[in-house]
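Accompanying notes for the structure given below.
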């Protein structure tokens with residue numbers, strides 16, 4: 001198999017060298033060129049025909065966001081991974097780049113003065129994403145389960161009872177998730193009669209800004225989750241970066257619960273803890289949705305949802321940026337529906353507002369963090 005051809009775009013000679021050196025360690029990747037700004041990158045795209053582009057955001061002459069727009073205006077579908085800083089400004093610019101057509105992002109090494117730390121940061125974050133976005137197996141690093149083998153979708157496992165009417169909606173997404181969510185959530189009606197909780201794999205700062213952007217797009221209210229907030233219909237609670245999001249029940253009702261238990265599936269926040277806690281708190285009356293993303297986070301939680309009588313909807317391969325997470329659920333036989341992105345919102349609304357199949361109330365008791373065990 002030919003190596004993955006990568007074009008590295010960054011105005012920092014130090015960053016260009018670090019990225020080039022790390023990627024060149026992997027025999028499956030070939031750095032075919034570099035560029036110091038977006039204008040040169042756009043010019044080199046036709047000449048070098050890379051399989052993927054890594055793109056800095058702040059550059060002279062043409063910045064990364066402008067370059068992404070220019071590349072997409074050329075009708076090029078080459079995957080683009082942005083390099084971002086962990087700051088308010090960096091988060092805002094990265095979300096702009098994703099809206100413009102970038103596929104994913106990694107955070108820049110915090111201290112480029114430490115070459116060893118910088119190289120390890122790039123090695124752990126960037127290499128798996130390059131392979132996932134180009135459809136290559138990921139065998140090392142923190143996302144080693146990113147790309148499932150090409151196993152046919154299994155039909156849903158046989159149920160022993162009726163599907164329960166959903167009393168809560170839980171959603172998980174990762175790579176490609178910001179754009180997918182920006183297409184699904186705005187279509188959901190503000191009158192949806194269940195609380196909604198969402199995990200998108202994102203670092204701190206990013207989740208706050210992402211929640212604000214979604215809130216501007218949606219008839220539903222979207223907030224970054226805060227520990228101890230009462231759950232109510234009409235509000236989407238987005239897990240904050242570096243915190244798992246779960247559901248807690250006490251004598252006064254149902255509440256959000258945040259914690260920093262160890263990462264699951266190499267992620268914090270992770271989808272599985274949310275799905276498990278929803279099953280336990282709502283006695284299986286759960287609708288789980290898994291959208292585009294690397295890895296297999298959400299697969300075990302989806303299995304728990306179906307086992308308890310809930311339903312699971314996943315995005316199909318054709319419309320996913322990376323069919324890792326939804327593919328893991330579908331190939332395990334845990335998906336009730338595998339749908340293109342533009343049909344997901346309709347399926348959610350239909351399953352929640354349709355005729356009751358077996359209505360249930362939330363479980364009378366549920367430990368605050370019972371879902372935290374691996």
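Screening residue 4 against (1) within 27 Å of residue 201 (Cα to Cα); (2) modelled with pLDDT under 95 leaves a single unmet condition, (2). Considering the range 1-23, and only residues there that are within 14 Å of residue 123 (Cα to Cα) and over 27 Å from the mean Cα position of the chain (by Cα), the residue that is surrounded by the fewest Cβ atoms within 10 Å (Cβ to Cβ) turns out to be 21.
Filter the range 205-241 for residues that are more than 24 Å from residue 346 (Cα to Cα), assigned to a loop (DSSP other than H, G, I, E, B) and over 14 Å from the mean Cα position of the chain (by Cα) and give the result. Passing the criteria: 205, 225, 226, 227, 228, 229. Of everything in the range 330-348 that is in contact (Cβ under 8 Å) with a residue 60 or more places away in the chain and part of a loop (DSSP other than H, G, I, E, B), the residue that is surrounded by the fewest Cβ atoms within 10 Å (Cβ to Cβ) is 333.
The selection criterion, being under 18 Å from residue 276 (Cα atoms) and touching a strand residue (DSSP E or B) at 6+ places or on another chain (Cβ under 9 Å), does not hold for residue 220.
Identify all residues within the range 244-257 that are without any contact (Cβ under 8 Å) to a residue 60 or more places away in the chain and crowded, with 20+ Cβ neighbours inside 10 Å; write none if there are none. Matches in the range 244-257: 245, 256. Taken together, 136, 159 contain a single residue that is under 26 Å from residue 329 (Cα atoms), touching a strand residue (DSSP E or B) at 6+ places or on another chain (Cβ under 9 Å), in a loop (DSSP other than H, G, I, E, B) and at pLDDT 65 or above, which is 136.
All of 238, 231 fail the test of being crowded, with 18+ Cβ neighbours inside 10 Å, closer than 14 Å to residue 173 by Cβ and outside the structural domain of residue 125 (by TED's automatic domain parsing), apart from 238.
Does residue 301 satisfy the criteria of being within 24 Å of residue 132 (Cα to Cα), over 15 Å from the mean Cα position of the chain (by Cα) and crowded, with 24+ Cβ neighbours inside 10 Å? Spelling it out, residue 301 is indeed within 24 Å of residue 132 (Cα to Cα), over 15 Å from the mean Cα position of the chain (by Cα) and crowded, with 24+ Cβ neighbours inside 10 Å. Taking the listed residues 106, 122, 53, the one that is under 17 Å from residue 16 (Cβ atoms) and under 17 Å from the mean Cα position of the chain (by Cα) is 106, with no other qualifying.
The values are calculated or read from the model by the stated rules, or taken from the named source; none is laboratory data. Values in this document were obtained by computation on a predicted structure and should not be read as measured data. Cβ coordinates were reconstructed from backbone atoms using ideal geometry, including for glycine residues, and neighbour counts include every protein chain displayed.
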